[in-house]
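All remarks here apply to the structure that follows.
Read the figures in this text as sums done on the coordinates, not as results from a lab. Since the model is a prediction, treat every value here as computed from it, not as a measurement. Neighbour counts are summed over all protein chains in view; Cβ atoms, including those assigned to glycine, are modelled from backbone coordinates with ideal geometry.
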Amino acid sequence: MQLNTLYQIASLVRWNSPALRQTAVAVSIPDLFNYWMTGQIAWEFTHATTTQFYNPRAGGWDYDIRTNELTWTDVTCEIHEVEPGTRHCVNEGIRFYASESRPRITELFRRAVETGEPFDEELELITAKGRRKWVRSIGHPELEDGKVVRVHGVFQDIQTRRERIAALEE
């Protein structure tokens with residue numbers, strides 16, 4: 001079945017097309033070539049982004065070391081399933097991570113604050129409502145006179161992408 005937009009897929013779903021019952025997995029052409037060449041099922045995110053197959057919900061966060069203030073955007077609050085505008089300290093923010101992910105994010109954040117090392121990691125989170133989901137946390141330290149004064153970044157809900165990858169691997 002040839003498709004070239006996400007809108008075509010949505011239309012097939014909306015009208016309950018019989019063609020969908022015959023389709024087990026949808027991949028983009030670069031991903032198909034990658035599979036043929038390596039035997040590995042993987043998504044090439046840059047291409048997937050431009051074809052709308054990869055659409056994470058993204059928010060932001062900012063930690064000011066001088067004031068010890070952590071700020072989340074409304075989308076970051078939504079991902080955590082807390083009210084927009086909710087304030088948390090760093091330790092409270094870290095406690096949202098699943099127990100197996102907490103040591104990793106703690107270390108990444110510590111290195112960002114102490115050494116200025118940026119990070120980009122996919123970890124599991126437990127929302128305020130108890131839902132487990134995969135997130136991507138990106139942190140960029142900001143330096144003044146050689147000292148980290150702020151760490152800010154992007155926070156993405158990547159649960160859907162993780163589920164799609166798992167479906168491809170089955």
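Here are the numbers for this structure:
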item	result
Sites THR67 and GLU121, calculated FRET efficiency, Cβ-Cβ separation with R0 22 Å, nearest 0.05	0.30
Contact order normalised by residue count of segment 54-146, Cα under 8 Å, 6+ apart, percent	19
